[in-house]
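Student: Questions regarding the structure given below will be posed in turn.
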Amino acid sequence: MSFFGPLSPSLLDETTAPIIRRALQRAKVVGHFTFIQVAVQAIGFCSGILLVRRLAQREYAYFTIANSMQATINVLADIGISVGLVSIGGRVWQDRHRFGELINTALQLRRKLGALAVLVITPILYFMLIKNGASVYYSVLLVALVLFGLFLQLSLGVLSVVPRLRSDVGRIQAIDFTGAIARLVVLLALVFLFLNGAVAIAVGSAMLLLQYWMLHRYVAQVIDLDAPANEEDRQAMRGFIRTLALNAVFFCFQGQITIFLITFFGKGTSSVAEVGALGRLAMIFAVLGNLLTNIFIPAFARCQSERKLRWLYLAIVGGVAGFSFLVVCAAALFPNGFLFVLGEKYAHLQRELVFMVGGSVLYALVGTVWELNASKAWIAGSWLYIPLTVGTQLALIPFTDFSSVTGVLVFNLVSAVPNLLLNIVLSYRGFRSFAARAA
């Protein structure tokens, strides 16, 4: 009963039907994307497990170190740029020429940052490979392959924003699926010919080249790639870079801290290989990460309604937390089921598995809240992450055995807690400022 009397069924239908249709349409999009992403990640998972099982531990250790350092350089080349791309792109993505200006500005800045990152990280990568027994020739070959793949990643990281902000999930899926299936097919063929760490990295770089070709063709059709760089965008991104530089550099090394620690303090290449193999199981979060990156984060960035923004935030963070809880419970209750896929060389890592999954869960939550904050540029005060994390790690040093896989994984897990708490505080402040502007 309403204030004016009973509501007619026709009025209810007229009011609720559009809402229901929109909800069903969104659920269909998310469901279809999830199905394809599960297939893509399952194929990627098979490729990863194939390498874990077929590569000797020494070769898998080299592969792990090379991949970790490539990821480090890629992150260092992105300081503040992704934040600017999403936050600015959320306002201009419908203008072909204006969006092209933004993309070209980001590409220029990312390549400059990438060159600086290469100068810093390449000697570290070379030293880590040599320390773990790689020859000079083999180390140089691995470094060259890493840099080739990195060159492609610098462009892919920027161009991929175009289909994401345009919500062209079909294009994203086609590119992801093609790369994943091609990589698996090539690796399966090489199993019967020759496969080592260098070949595995070369295959990964070749697949990046394929995906770059596909993505570049698409982007050239929907935005103006000949548009000049935009000085206003450049200044805005430089502002983000200055704000985030120290924090991003620290976060970058923090993200690879398990590999650093186990390389310098561990018991040889077997420890590095064990950490890398366990890390393959963390690919279970890849589907979740792709959903966030390609559907939910862009939707959050575009949303300008305070009420809807709060519901989106709660739904996204709550969904990630719920899924993470289930994964931790499964790892604790059925560790042998997880470890079976890695093969006999890693079947003894039951306790280490739980700590690895726990760390992956915390970092997944941190990454989710951070991406939500960054998409709205709610990043003021993020620098506090550094003293909070350093303080936590200094307190842990007397109690941590850095020569063991378990000790390093526990250290990594606890180190994520301050960042999670800080990002929750940044979200709270961001919502308050958003409400104040809307009032």
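The values are calculated or read from the model by the stated rules, or taken from the named source; none is laboratory data. Here the structure is a predicted model, which means the values were calculated and not measured. Cβ sites come from the backbone with ideal geometry, for glycine too, and all protein chains shown count toward neighbours. Surface areas here come from the heavy atoms of the whole protein model, side chains and all, with no ligands, DNA or RNA. Shrake-Rupley method; radii C 1.70, N 1.55, O 1.52, S 1.80 Å.
Student: About the Cα centre of region 323-435, what is the dipole size in debye to 20, counting +1 per Lys and Arg Cβ and -1 per Asp and Glu Cβ, all else neutral?
Tutor: Dipole about the Cα centre, nearest 20: 360 debye.
Student: Can I ask one more? Determine the order of Trp213, Trp370 by accessible area, beginning with the largest, at a probe radius of 1.4 Å.
Tutor: Working: Trp213 140, Trp370 70 Å².
Output order, biggest surface exposure first: Trp213, Trp370.
Student: Right, another one. With point charges of +1 on the Cβ of Lys and Arg and -1 on the Cβ of Asp and Glu, referenced to the Cα centre of region 299-406, which listed residue (Ala380, Val390, Val341) lies farthest in the positive direction of the dipole?
Tutor: About the Cα centre, the residue reaching furthest to the positive side is Ala380.
Student: Something else: On average, how much accessible surface per residue is there in the chain, in Å², for a 1.4 Å probe, leaving out ligands, DNA and RNA?
Tutor: In whole numbers, the chain has 46 Å² accessible per residue.
Student: Hey, another quick one. Helix-only estimate, please: 222 nm mean residue ellipticity of the chain, summing -39500 (n - 2.57) across DSSP H runs of length 4 or more and dividing by its residues, to the nearest 500. Let's see the in-between values first.
Tutor: On the way: 19 runs with 356 residues, N = 439.
Theoretical 222 nm ellipticity from helices: -27500 deg cm²/dmol.
Student: If you don't mind, there's one more thing I want to ask. How would Ser404, Ser205 line up by accessible area, probe 1.4 Å, largest first?
Tutor: Details: Ser404 30, Ser205 5 Å².
Largest accessible area first, the residues go Ser404, Ser205.
Student: Could you please put Leu388, Leu246, Leu225 in sequence from largest to smallest accessible area, using a 1.4 Å probe?
Tutor: Details: Leu388 80, Leu246 125, Leu225 45 Å².
Per-residue accessible area, sorted high to low, gives Leu246, Leu388, Leu225.
Student: Between Ala220 and Trp383, with labels modelled 7 Å along Cα→Cβ, what's the label distance in nm to one decimal, could you check?
Tutor: 4.3
Student: Set the Förster distance to 22 Å, then compute FRET efficiency between Ala144 and Gln108 from the Cβ-Cβ distance, nearest 0.05. Present the calculation step by step, with values, prior to reporting the outcome.
Tutor: Details: r = 24 Å, r/R0 = 1.11.
Once rounded, the FRET efficiency stands at 0.35.
Student: At what distance in nm do the modelled label points of Glu231 and Arg91 sit from each other, each positioned 7 Å from its Cα along Cα→Cβ?
Tutor: Computed distance between label sites Glu231 and Arg91 equals 1.8 nm.
Student: Whenever you get a sec, compute what percent of the accessible area on the chain sits on carbon and sulfur atoms (1.4 Å probe). Could you put the intermediate results ahead of the total?
Tutor: On the way: 13950 of 20350 Å².
Here it works out to 69 percent.
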